[in-house]
Structure formats: structure tokens, C-alpha cells
Amino acid sequence: MAEVKKEQEKNVIFALDIGTRSIIGVLGIVEGRRFHVLAIEKQDHGQRAMLDGQIENIEQVADVAREVVARLEKRTKIHLSRVCVAAAGRALKSEAASFTLELPGIQTITEDIVNQLESGAVSEAEHALREQSEAQHDQYYMVGYTVSSYRIDGYPMSSIRDHTGKTLEAEVVVTFLPREVVESLYAVVGKIGLEVASLTLEPIASLNAAIPSDIRLLNLVLVDIGAGTSDIAICRDGSVVGYTMATIAGDEVTELLMRALLVEFKQAEKLKMELGDKGKIRYTDILGLEHETSPEELRDMIAPAVTSLAQEIAKRVLELNGKTPSAVFLAGGGSKLVGLKERVAEELKIEPARVAIAGNHFEKNAYAEEYDLNDPEYATPLGIAISAGLGLISDSYVILLNGEPAKLFRSGVLIMRDILMMNGYHYADLIGRTGANLSFTLNGERQFYRGALATPPVILLNGEPAELTDVVHAGDSITFTPAHTGADAVKTLADFVGKRYDGMATINGAIAPLDQPIHNGDEVWIDGLGVVSGRVAEVDEDDEEDAAPAPAAKKPAEKTQRGTRKTANQPAPALIPLNITLNDTPITLPGKPGGEPYYLMDMLEFSGLDFDHLDKPVELQVNGLPGQFSQVLANNDNVSIR
């Protein structure tokens, strides 16, 4: 009679750590804000089906994972259907980039503006990565990013929200993972009939197990040393601020022993595990000859590999952290390597006591009756389970993006912008770009036309309109339609004189047809173009009658205003003045042609401030409230620009 198994309930967490050397499965439930481990199973790969943390043979890895699942199901009598996994740090790419956002004028920096700035910087990093890629079809998932610095009008700032300024800059370090790392992981899980319930990065998972949140205000580093890679995560000020990886790990030591002693891989692994033993160590080489050595001789033999590993770890930590950290925790099977802890401390130039083997803090978030969890090898599988079970990653269950499960990497809260950028959308998709502006001179007078505004994106969260800064929770559904770039500003000669004009018009000194587009920086001259109130007159395109040319304009007196202008023989509209108080002084402004309104930005030239030599932010207020540059002014408004 077949054994009856109960289905995996919602509170049952199954974590699978697919490592280079072995696969470890951990099953448990959350009880009182701690993860209660019910069962652990480990199975080594029979062959080298993985290389440096990356799945090479999907079928072989799936066979081993299937064995681990079967043992756990037999032990717990639970039929498993969902699994929490973590992507290895192999081939993690970190790209630094900067982005400058020019605001229309000095204004208060809102969360939306910060969002635009950071999104632009991330997109610059993505663009740089694509240019460096050897194969144009290479694709990467954005894992996350860290802002390394902000600037407002050239001044460095640690935070810019609620400050005021015009020119904003952000420098970021963005981390990417090749898509094949993620896709192969999903392929293995699919082959064993499971659904991915959560996905995070191995260094983040290990950090969640080894470094409790209550000590993350300190600048701490977690180095998870596996067989193929050494994954690194850094925390400070209460959160994870960066992650990277070193391309050398435990296999470097194993391969050195293989070459030095002429032994096969499994024999070299066994010798590596015996480095801390006492007494003589015996082994047989590939020629069948028996040998005898001592742990001291083996330690001397592997010293170059241990030094290289310690140097690479220290180099990566200092690059990412920017300085020496307060302390370092070593996790993973490779952390047990004799002498490594001391060498890492030496390379980082910190006290040996400040480099420790992870495990002492596991009990704060996890416990078990029949297992000793204080083993650094459990850092990743426990971390995956703890991250999902205790809500340390917000994607414990599926989040849908346009009907498909979104791929998510992050610890802590996820906002809409993060999810979209992690799934391949870019700055222009999220924010949209205004069409290109057009600037040229017409009969000696500068003309300026703005490009059309972008069509904004459509974002729905569970069917309701949402913002890029909205928090997204497990089980939510997102519908996203990208923004569209606005049309570029376009002008031809015919826009100014009509399609039937038979006089002479030149662009940059050369006679040009009326339908020729005008480009930025062009010098345009049109004979006989009329003047209305000192401004160049523009003919309506739809006017069927040719305009009677007025005397040639030689020195137009002031800047052309945007919009369609009437022919020279039409009367100018009434000009309505505006009365306001500016910086406690009443002023009257002449009406604009066409009845156009005055905007707050128009007041800058009357404020008395030298905007080319500002040494501090400018505060804008209208009637005692914060003002925006695009704000329309009304009669009797009280304006302050200081």
C-alpha cells in the first residue's frame, strides 16, 4: 500500500541550496518568529555537474535534487510542491554609473524626482553593461543597486529628498546576474515538479542567517565561501547595501592538491578535510602508489592558494565597502579551511578576532531538536528558509507582472520601480522622455520650441492605478504599459510664411525649399517676414490667402513666443497686466501676447538673485506654500523667491 502524504501547507517552508559540490534541502515551519527545522538532507553530486556555482548539466543536477526531495518527503510524510531557492553569485557583474537630472528650475525634490534620478542612473549602468557584453544577445537580470553618492547643484549630499535644487546627480553601483544563471535554476526546479515560491541571492540568504537584523547597524561583511565562488554581502545602517563575489573559492585548494600530489578530485577533497587532523595522513595517487604525509606538510602546500583566496576576498570587500569593515563573518564549507580566517584578517588589516566563522547567530532565527545548526555550511540553506519564512524577502509567493511570474531579487521591501527594473524595463519605459527641443535663429532672433511631453506609463496594481513608489506585496498582480517618448519639436520654413510663399528663404546661407526641416543651431533668414509688436509674425498653415509681405525684418526687438501667430494685418490681442507681490514688493507685469499666463519660473529674472553664482538652494513660495516652477500665477498672488 502506497504511503499517504499530506500536502505542503502554506506555513511549511522548503529551502533548496543547489551548490557546486552538493545539494542541501531544509524543511521547517515558522514558530514564534524563529524557523523550526524539521528535517535536513544533503546529497553530493556524483559528477561535476556544476562549475563555480553555475548549473552545467541540468538533468544531472535535477536527479540529485529529486533525491533530496524524496528523502525529505519520506522523513516528514509531506508532499512538497513549493520550494525557495537562491541564485549563486557566479558571474555577478557590478557596474558603476552616474546620471544627471536637470529640473526646469530650482524646486523641492520629491520622492518622484528621486525616483527619476535613481532610475536614470540604473539605466545608464544597464546601457554600459550592454556595450561591454561580448555577445549582443546576452541578457542580464538586475539584482539590485546601491546609491554611492548624490549631488545637488554640485554639492555632495547623503540624502536629497525635501531639499531644493535644479541640477541633481546620482552615482550608483548596480548588480546584474546573467539570465542563464536564473533560467537554469528554474529549469531544475521545473524538472522535479516544483514551483519556485521565492528567489533571492545566495549572499543575501547567508547574511540573513548569519547576521541578525539587530546588529546590522554596524558595518559587517558576510563571505560565503563555497566550492566554486565566494559570495560577499555587506550591511550597514540596518540594511544590506551591496553584494559581489570572488571568482576563487574552495576548489582552488582542492585543485592545487590534485596537481601537487597527483590524486583524483575526491581524494584531494578528502585530504583537504583532514588538514586539521593530527598524526599521519595516508593517500593513494592516480598511479596506485601509496603515500604518507602530515597535516603540517599539507598546510604548507596549500598556503599559496589560501593566500590568493584571502587576497581576493579582501580586495572585493574593500572595493564594494569603500573602507575596512567593522567585522567579517566567514560562512560556507570553505570557511573551515585551516588558516583562512587569519589570512583574511591580515589582508584587511584588522584584528584577527574581528574575523569569525559564522554560526554563532544562527540560533537567533532558527532552531532544531536533532541537528546542530552552528555549522557554517548551513548558512545558505538556512538563510533561504529564514528569508522566506520570516518575511525578510518580500517575494515569498508569486508576484505577477503582465500575467507572468516576476523574477525578483531583493531583501526587504520591494517597490514598483524595483520590480519593473528587475524584469527588464528601463528608464524611458518608466518615466518617458520629452521629445527633443529645437533652437535656432530666425532673422537674427533666437527661436525655441519644446518637444512634446512623453505619454506616461500605465501602472495598475491589483487593478487599481499605482505609482512607481508604491510598495508591492506577495500575491499582488501588476499590469504595466511602458511610457512613450514625446515627439521631437519640428519646424519648416513653411511654418513661418505659408506654403505659397514665393520669396527667398535661406538656411545657413543656402537657399532652401519651404518643406526643409530646420535643425538645432541653424541660422534662418526669410525675406519680407513681417513683425507684430516687435515679434516675428508667423502665418497660419491653413490660411488659403497669401500673406502680404511686410517690410523685411532687420533687428527683431525681443524673443519670439511659442505658439501659432497671426498674419501681420491682424490686430494684436488685448494685453492683460498681472499684479503680484514679489519678495514683499508690489509689482505690475505687462500682459503677455495671446493672453498667455505668467508662471512662477517667469519671476526668476525679477527676483534680484544671481542664478549663475548661487551658493545655497533657493526657496520658492506662493501665498506661503511651496511653489513649483510650472505653477500658474494669479492676480494678487504673494510670491517669495529667496
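The values are calculated or read from the model by the stated rules, or taken from the named source; none is laboratory data. Predicted model, so just to flag it, every value in this text is computed and none were measured. Every residue, glycine as well, gets a Cβ built from its backbone with ideal geometry; the counts of neighbours run over all protein chains shown. These accessible areas exclude ligands, DNA and RNA; they are computed on the full protein's heavy atoms, side chains included. Shrake-Rupley method; radii C 1.70, N 1.55, O 1.52, S 1.80 Å.
General remarks:
- Equivalent ellipsoid of the stretch 340-390: semi-axes from √(5λ) of the C-alpha gyration tensor, largest first, are 27, 12, 9 Å.
- Projecting the Cα atoms of Gly322, Ile302, Gly359 onto the charge dipole of the stretch 281-365, computed from C-beta unit charges around the Cα centre, puts Gly322 farthest toward the positive end.
- Dividing the convex hull volume of the alpha carbon atoms of the stretch 230-366 by its residue count gives 122 Å³ per residue.
- Seen from a random direction on average, the alpha-carbon convex hull of the stretch 77-203 projects onto 10.7 square nanometres.
- Order by protection proxy (mean Cβ within 10 Å, highest first), peptides 281-291, 5-15, 492-502: 492-502, 5-15, 281-291
- Hydrodynamic radius of the stretch 246-326 per Kirkwood, over alpha carbon pairs, in Å: 13.9
- The stretch 174-297: radius of gyration over Cα atoms, expressed as a fraction of 2.2 N^0.38 Å: 1.43
- Peptides ranked, highest mean first, by Cβ atoms within 10 Å: ranges 202-215, 432-445, 21-34: 202-215, 21-34, 432-445
- Here Asn623 and His127 are evaluated by their C-beta separation; at R0 = 25 Å the FRET efficiency comes out at 0.05.
- Each semi-axis of the equivalent ellipsoid for the stretch 310-376 is √(5λ) with λ an eigenvalue of the Cα gyration tensor; in descending order they amount to 25, 13, 10 Å.
- Spatial separation of Cα centroids for the stretch 218-258 and the stretch 147-169, in angstrom: 32
- Taking 7 Å steps out from each Cα toward its Cβ at Lys191 and Arg259 produces label points 3.1 nm apart.
- With Cα atoms defining each centre, the stretch 193-212 and the stretch 432-505 are spaced 42 Å apart in the structure.
- Using C-alpha pairs under 8 Å with a sequence gap of at least 6, the mean separation divided by the residue count of the stretch 167-268 gives a relative contact order of 17 percent.
- Net length gained if the chain between Thr581 and Val490 were fully extended (0.36 nm per residue, minus Cα distance): 29.0 nm
- Among the listed pairs Lys272/Lys341; Lys42/Lys270; Lys280/Lys336; Lys272/Lys323, those beyond 22 Å (Cα-Cα): Lys272/Lys323
- Taking the three principal axes of the alpha carbon atoms in the stretch 176-231, the coordinate ranges are 41, 23, 21 Å, sorted in descending order.
- Remark: the stretch 290-404 projects, on average over all directions, an area of 12.4 nm² (convex hull of Cα atoms).
- The Glu111 and Glu370 beta-carbon pair, evaluated with R₀ = 41 Å, returns a calculated FRET efficiency of approximately 0.25.
- Within the full protein context, the accessible area of Thr469 is estimated at about 40 Å² for a probe radius of 1.4 Å.
- Two-decimal Rg to Rh for the stretch 144-220 - Kirkwood Rh, Cα set: 1.16
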